[in-house]
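Asks: Sharing a structure with you now.
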Amino acid sequence: MIDFINFYFLPGLVLGSIYALGAMGVSLLFGILRFAHFAHGDLMSFGAYIALSMVSIFHVSPFFAIPASILGSSLLAILIDKVCYKPFRKSQTVVLVISSLGVSLMLRSFIQLTWGVSLEVYEIGVIKDAITFGGNFRISENHLVIIIGTFSLIYLTHIFLAKTKLGKAMRAMSDDQDLALITGINTERVIQATWIVGGSLAAVAGVFLGSDTQLNPRMGWDQLLPLFAAAILGGIGRPYGAIAGAMVIGMAEEISSFPFFGTEPLLSPAYKTGVAFFIMVIMLIVRPTGLFKGRSF
Amino acid sequence: MKKKIHKLVVENIVSGYGDMDILKGVSINISQEEIVVIIGPNGAGKSTLMKSIFGLIPIKEGNIYFDEEEITNLDTQSIVKKGISYVPQVKNIFPNLTVQENLEMGAYLRKDNYLETMNDVFKLYPDLVEKRNQIAGQLSGGQQQMVAIGRALMIQPEFILLDEPTAGLSPKMYNDTFESIQKIKTLGVGVIMVEQNAKRALQISDRGCVLVSGENKLTASGQSLLMNENITNLFLGGNE
Ligand SMILES: Nc1ncnc2c1ncn2[C@@H]1O[C@H](COP(=O)(O)OP(=O)(O)O)[C@@H](O)[C@H]1O
Ligand SMILES: [Mg+2]
């Protein structure tokens with residue numbers, strides 16, 4: 001039981017947290033722009049690499065570099081939207097999806113050119129020493145930072161969506177674009193705000209992911225499947241659902257290798273990434289609208 | 001000092017979807033504190049007229065004036081800023097927002113304090129008071145219609161366009177809605193209303209306008225339209 005908590009449940013929570021930050025952005029953006037943003041993982045990578053530069057230039061912990069990552073990823077997201085997505089606002093969804101695929105390739109190449117192709121780690125500020133609590137439970141400081149950081153950001157995002165004028169306008173536009181326009185809501189401004197929120201969450205997810213493992217130019221792209229699995233599981237276009245979906249996917253990936261029967265892992269950790277895919281496919285067959293009713297068109 | 005009475009004038013507009021012209025030269029005009037009712041068979045272009053006035057589909061010929069200022073093909077946001085609001089026939093609330101949030105969105109363009117206007121809306125529709133924190137999509141059809149009209153009133157419009165506000169309502173809701181529309185008029189708002197149930201609408205109207213195949217067949221006072229046998233036979237017979 002203790003092993004289960006320490007080595008499967010808590011890491012699952014960490015993974016779920018990282019997915020949650022990414023999936024919320026995917027879900028919010030889908031609600032507003034009605035397309036699957038395939039470059040979202042690479043926005044995560046970009047944030048992670050900005051922090052890497054901060055760490056090596058200013059010798060600060062990557063967590064203190066998060067504001068710089070947030071700024072970098074949000075500005076980049078707004079720029080990408082202006083250049084690559086805005087011209088296609090009235091086009092068919094598939095045009096935007098392909099465009100985002102192109103953006104994703106460009107971003108990855110940009111990262112490779114700027115920061116190189118080899119594996120990198122944050123050299124300072126990531127403390128992997130374990131804290132012991134409640135007797136035998138252990139969690140690394142780094143993991144604690146990720147979990148607390150994620151839940152704080154989820155809370156902040158919730159306050160933004162529930163209490164601020166811009167946040168409410170975002171939900172309104174996600175409900176009905178035409179009516180938002182008729183009501184006088186400045187829809188382009190809402191779109192920009194959505195990119196800032198989505199880009200910021202992605203940046204933090206990238207830094208967390210980098211601190212938990214290492215950095216490589218494909219790091220974000222590799223998260224795309226679980227991110228979308230989480231968003232779909234939660235009912236795409238529903239950011240709160242995406243959080244729940246992300247936790248389910250993160251937990252399932254980690255817990256799938258728990259030795260439930262005997263001493264062998266139930267599923268070899270090598271198949272971890274297959275778990276998200278499996279859950280997504282089952283979900284699409286059994287309940288395509290997601291756990292919480294997704295958008296219908 | 002007397003408040004200036006604004007006028008909205010639509011002159012011979014031609015508009016439609018793509019190459020297809022639906023409106024083939026339609027004119028109407030309205031002042032504040034008037035109710036103008038647009039009647040006509042299904043597919044006549046009544047909703048299209050509303051969308052054209054509101055800048056949602058391009059006007060190919062003709063002009064629209066707000067007082068002396070031309071607002072033809074102005075973008076929707078600017079039209080809202082001028083003080084015109086629009087309640088579409090369907091999909092006219094934000095279903096996942098609460099009643100109060102729907103009203104707040106209606107005031108999106110206002111920089112001043114809109115709480116007084118919200119109180120006015122709740123006075124107009126007392127049923128909404130206790131539902132203010134409920135998700136609008138879960139309300140009854142009649143209550144959703146109140147939210148929709150309430151939302152459009154939040155900008156304190158000079159003119160409000162209502163597209164079939166009573167469609168599908170229960171008889172009680174139907175009456176309540178008509179009463180509220182008369183109250184809206186007395187607040188100084190000009191109401192342009194599309195109605196299927198033309199008889200009742202014409203009774204409360206200052207003017208009626210019969211639209212057939214994208215053309216004004218007749219514009220006259222509500223009373224004289226009600227007396228007109230042709231109109232009665234054509235459009236009002238089925239509404240007994
Ligand atoms: N979005 C649209 N695209 C193309 N044609 C439309 C569209 N909306 C309505 N029409 C057509 O325009 C005509 C007038 O429709 P509408 O203005 O909705 O009529 P009404 O409101 O009087 O019933 C109809 O023939 C309808 O088929
Ligand atoms: Mg209609």
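The values are calculated or read from the model by the stated rules, or taken from the named source; none is laboratory data. Values in this document were obtained by computation on a predicted structure and should not be read as measured data. Methodologically, a virtual Cβ is constructed for each residue, glycine included, from the backbone with ideal geometry; neighbour enumeration extends over all protein chains shown.
Asks: Any residue in segment B:58-66 that is away from chain A (no Cβ under 14 Å), surrounded by fewer than 17 Cβ atoms within 10 Å (Cβ to Cβ), under 18 Å from the mean Cα position of the chain (by Cα) and within 14 Å of ligand 2 (Cβ to nearest atom)? So that I can check it myself, show each step before the final result.
Replies: Filtering segment B:58-66 down to residues away from chain A (no Cβ under 14 Å) leaves B:59-66.
Still in the list and also surrounded by fewer than 17 Cβ atoms within 10 Å (Cβ to Cβ): B:60-61, B:63, B:65.
Next, from what is left, pick out any that are under 18 Å from the mean Cα position of the chain (by Cα): B:65.
With the extra rule that they be within 14 Å of ligand 2 (Cβ to nearest atom), the set shrinks to none.
No, every residue in segment B:58-66 fails to be away from chain A (no Cβ under 14 Å), surrounded by fewer than 17 Cβ atoms within 10 Å (Cβ to Cβ), under 18 Å from the mean Cα position of the chain (by Cα) and within 14 Å of ligand 2 (Cβ to nearest atom).
Asks: Being of a type in the set (Phe, Trp, Tyr), touching a residue at least 40 places away in the same chain (Cβ under 8 Å) and away from chain B (no Cβ under 14 Å) narrows it down to one of A:Phe133, A:Phe137, so name that one.
Replies: Numbers: A:Phe133 fails: touching a residue at least 40 places away in the same chain (Cβ under 8 Å).
The unique qualifying residue is A:Phe137.
Asks: Follow-up. Just to be sure I understand, how many residues within segment B:188-203 are more than 16 Å from ligand 2 (Cβ to nearest atom) and modelled with pLDDT of 90 or more?
Replies: Step one: filter segment B:188-203 for residues more than 16 Å from ligand 2 (Cβ to nearest atom), giving B:188-191, B:199-200, B:202-203.
From what's left, modelled with pLDDT of 90 or more: B:188-191.
Number of matching residues: 4.
Asks: So which residues in segment B:1-42 are touching a Ser or Thr at 6+ places or on another chain (Cβ under 6 Å) and within 16 Å of ligand 2 (Cβ to nearest atom), if there are any at all?
Replies: B:Ser15, B:Ile22, B:Leu23, B:Val37 - these are the residues of segment B:1-42 that are touching a Ser or Thr at 6+ places or on another chain (Cβ under 6 Å) and within 16 Å of ligand 2 (Cβ to nearest atom).
Asks: Go through segment B:115-148 and give me each residue that's surrounded by fewer than 19 Cβ atoms within 10 Å (Cβ to Cβ) and within 11 Å of chain A (Cβ to nearest Cβ).
Replies: B:Ile135, B:Gly137
Asks: Counting just the residues of segment A:168-192 that are surrounded by 19 or more Cβ atoms within 10 Å (Cβ to Cβ) and more than 20 Å from B:Ile79 (Cα to Cα), which one comes out farthest from the other protein chains (Cβ to nearest Cβ)?
Replies: A:Ile191
Asks: Name the residue, out of B:Leu162, B:Leu153, B:Leu103, that is under 25 Å from B:Ser52 (Cβ atoms), buried (at least 23 other Cβ atoms within 10 Å of the Cβ) and either more than 16 Å from ligand 2 (Cβ to nearest atom) or more than 14 Å from chain A (Cβ to nearest Cβ) (or both). Give the steps one after another, and end with the answer.
Replies: Values: B:Leu162 fails: either more than 16 Å from ligand 2 (Cβ to nearest atom) or more than 14 Å from chain A (Cβ to nearest Cβ) (or both); B:Leu103 fails: under 25 Å from B:Ser52 (Cβ atoms).
Among B:Leu162, B:Leu153, B:Leu103, only B:Leu153 is under 25 Å from B:Ser52 (Cβ atoms), buried (at least 23 other Cβ atoms within 10 Å of the Cβ) and either more than 16 Å from ligand 2 (Cβ to nearest atom) or more than 14 Å from chain A (Cβ to nearest Cβ) (or both).
Asks: Tell me, please, whether a residue that is of a type in the set (A, V, I, L, M), surrounded by 23 or more Cβ atoms within 10 Å (Cβ to Cβ) and part of a helix (DSSP H, G or I) can be found in segment A:63-77.
Replies: Applying the first criterion (of a type in the set (A, V, I, L, M)) to segment A:63-77 yields A:65-66, A:68, A:70-71, A:75-77.
Pick out the ones that are also surrounded by 23 or more Cβ atoms within 10 Å (Cβ to Cβ) and you get A:65, A:76-77.
Narrowing the set further to residues that are part of a helix (DSSP H, G or I) leaves A:76-77.
Yes.
Asks: Take A:Gln223 and tell me if it is more than 13 Å from the chain's Cα centre (by Cα) and modelled with pLDDT of 85 or more. Before the answer, list the steps.
Replies: Numbers: more than 13 Å from the chain's Cα centre (by Cα): no; modelled with pLDDT of 85 or more: yes.
For A:Gln223, the condition - more than 13 Å from the chain's Cα centre (by Cα) and modelled with pLDDT of 85 or more - is not met.
Asks: Which one is modelled with the highest pLDDT among residues in segment B:174-187 that are among the aliphatic types (A, V, I, L, M) and farther than 16 Å from B:Gln89 by Cα? First the steps, then the outcome.
Replies: Of the residues in segment B:174-187, the ones among the aliphatic types (A, V, I, L, M) are B:181, B:184, B:187.
Cutting the leftovers down to farther than 16 Å from B:Gln89 by Cα gives us B:184, B:187.
Numbers: B:Ile184: 95, B:Leu187: 90.
Out of the qualifying residues, it is B:Ile184.
Asks: If I go through segment B:67-100 residue by residue, how many of them are within 16 Å of ligand 1 (Cβ to nearest atom), touching a helix residue (DSSP H, G or I) at 6+ places or on another chain (Cβ under 7 Å) and hydrophobic (A, V, I, L, M, F, W, C)?
Replies: Of the residues in segment B:67-100, 1 are within 16 Å of ligand 1 (Cβ to nearest atom), touching a helix residue (DSSP H, G or I) at 6+ places or on another chain (Cβ under 7 Å) and hydrophobic (A, V, I, L, M, F, W, C).
Asks: Pairs please, first residue from segment B:208-222 and touching a residue at least 60 places away in the same chain (Cβ under 8 Å), second anywhere and among the charged types (D, E, K, R) and within 16 Å of ligand 2 (Cβ to nearest atom), Cβ atoms under 7 Å, 6+ apart in sequence or on different chains.
Replies: Cβ pairs passing all conditions: B:Leu211/B:Lys46.
Asks: Mind listing whichever residues of segment A:254-283 are closer than 30 Å to B:Pro95 by Cβ and at pLDDT below 85?
Replies: Pass one, segment A:254-283, residues closer than 30 Å to B:Pro95 by Cβ: A:279-283.
Matches in segment A:254-283: A:Met283 only.
Asks: Determine, yes or no, whether A:Lys90 is surrounded by fewer than 18 Cβ atoms within 10 Å (Cβ to Cβ), of a type in the set (Lys, Arg) and part of a helix (DSSP H, G or I). Break it down stepwise before answering.
Replies: Working: surrounded by fewer than 18 Cβ atoms within 10 Å (Cβ to Cβ): yes; of a type in the set (Lys, Arg): yes; part of a helix (DSSP H, G or I): no.
Answer is no for this residue.
Asks: Name the residue, out of B:Gly18, B:Gly45, B:Gly55, that is within 14 Å of chain A (Cβ to nearest Cβ), buried (at least 20 other Cβ atoms within 10 Å of the Cβ), modelled with pLDDT under 95 and within 16 Å of ligand 1 (Cβ to nearest atom). Show your work before the answer.
Replies: Numbers: B:Gly18 fails: buried (at least 20 other Cβ atoms within 10 Å of the Cβ); B:Gly45 fails: within 14 Å of chain A (Cβ to nearest Cβ).
Of the residues listed, the single one that is within 14 Å of chain A (Cβ to nearest Cβ), buried (at least 20 other Cβ atoms within 10 Å of the Cβ), modelled with pLDDT under 95 and within 16 Å of ligand 1 (Cβ to nearest atom) is B:Gly55.
Asks: Identify, from the list A:Gly234, A:Gly199, the residue that is over 30 Å from A:Gln112 (Cβ atoms), buried (at least 24 other Cβ atoms within 10 Å of the Cβ) and within 18 Å of the chain's Cα centre (by Cα).
Replies: Values: A:Gly199 fails: over 30 Å from A:Gln112 (Cβ atoms).
So the residue among A:Gly234, A:Gly199 that is over 30 Å from A:Gln112 (Cβ atoms), buried (at least 24 other Cβ atoms within 10 Å of the Cβ) and within 18 Å of the chain's Cα centre (by Cα) is A:Gly234.
Asks: Could I ask something else about it? Which residues, taken from segment B:73-96, are more than 16 Å from ligand 2 (Cβ to nearest atom), touching a residue at least 40 places away in the same chain (Cβ under 8 Å), more than 8 Å from every other protein chain (Cβ to nearest Cβ) and in a loop (DSSP other than H, G, I, E, B)?
Replies: B:Gly83
Asks: Which ones in segment B:21-42 are in contact with an Asp or Glu (Cβ under 7 Å, 6 or more places away or on another chain) and away from ligand 1 (no atom under 16 Å from the Cβ)?
Replies: Passing the criteria: B:Ser27, B:Gln32, B:Glu34, B:Ile35.
Asks: Assess whether A:Val207 counts as being more than 14 Å from chain B (Cβ to nearest Cβ), farther than 28 Å from B:Val80 by Cβ and touching a residue at least 60 places away in the same chain (Cβ under 8 Å). Give the derivation first.
Replies: Numbers: more than 14 Å from chain B (Cβ to nearest Cβ): yes; farther than 28 Å from B:Val80 by Cβ: yes; touching a residue at least 60 places away in the same chain (Cβ under 8 Å): yes.
So A:Val207 fits the description; yes.
Asks: So B:Gly45 passes all but one of these: (1) within 16 Å of ligand 2 (Cβ to nearest atom); (2) at negative phi; (3) not polar (S, T, N, Q). Which condition number does it fail?
Replies: Result: B:Gly45 passes all but (2).
Asks: Just checking, does segment B:33-46 include any residue being more than 18 Å from the chain's Cα centre (by Cα), in contact (Cβ under 8 Å) with a residue 40 or more places away in the chain and part of a helix (DSSP H, G or I)? Break it down stepwise before answering.
Replies: Going through segment B:33-46, the residues more than 18 Å from the chain's Cα centre (by Cα) turn out to be none.
No, there is no match, as no residue in segment B:33-46 is more than 18 Å from the chain's Cα centre (by Cα), in contact (Cβ under 8 Å) with a residue 40 or more places away in the chain and part of a helix (DSSP H, G or I).
Asks: Separate question: If the requirement is being within 18 Å of the chain's Cα centre (by Cα) and modelled with pLDDT of 95 or more, which of these qualifies: A:Ser73, A:Ser99? Spell out the reasoning first.
Replies: Working: A:Ser99 fails: within 18 Å of the chain's Cα centre (by Cα).
Residue meeting the stated conditions: A:Ser73.
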